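The values are calculated or read from the model by the stated rules, or taken from the named source; none is laboratory data. Since the structure is predicted, the reported quantities are computational estimates derived from the model, not experimental observations. A quick note on method: Cβ atoms are made from the backbone with ideal geometry, for glycine too, and the neighbour counts reach across all protein chains shown.
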Amino acid sequence: MLIPLHDLLLSHELRRELAQSPALWFTFGSLAAGHFWKAFHLGYDAMPDNELKQRVRWDVYLLVLRAVAMFIMAAHGLAFILVPLMALLLSYFEIWPERVLGAVFGDPARLYEYDPENPSSKRSRR
């Protein structure tokens, strides 16, 4: 999603604003703290290994799919309907995440079974 914003993200104005704006640093810090709070609130620190792998892969895969969907919408000239289309698509991702993961990665209940360090552990599709 950030590729079309390359010039904006590397501009001198953005660097100047980041250096001079405590509100931006507060916003970034609040977002980071919110993500850590959510992770501990969901109990990631106390989950068994398989359940932790399942949950983290579920969240990361959905994040990647959201980014790909937003990039595709932005890159194909859909700017005139970008906001409503993105709202509908990302709502679908939030309401039915198991359908989205199942369509792309197979059975979403078995994401923990794949071990990238051991190629012989690949899941069999059913």
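Where the second residue is surrounded by fewer than 17 Cβ atoms within 10 Å (Cβ to Cβ) and β-branched (Val, Ile, Thr) and the first is within 10 Å of residue 93 (Cβ to Cβ) and assigned by TED's automatic domain parsing to the domain that holds residue 86 and lies in the stretch 58-73, which pairs have Cβ atoms under 8 Å and are six or more apart or on separate chains?
These pairs meet every condition: 65/104.
Among all residue pairs at least 6 apart or on different chains, which show Cβ distances below 7 Å where the first residue, located in the stretch 74-88, is surrounded by fewer than 12 Cβ atoms within 10 Å (Cβ to Cβ) and the second is among the charged types (D, E, K, R) and modelled with pLDDT of 70 or more?
none
Checking the structure you have, find out if any residue of the stretch 12-23 is outside the structural domain of residue 100 (by TED's automatic domain parsing), at pLDDT 80 or above and under 26 Å from residue 94 (Cβ atoms).
no
Which residues, taken from the stretch 71-109, are outside any helix (DSSP H, G or I) and at pLDDT below 85?
76, 77, 78, 106, 107
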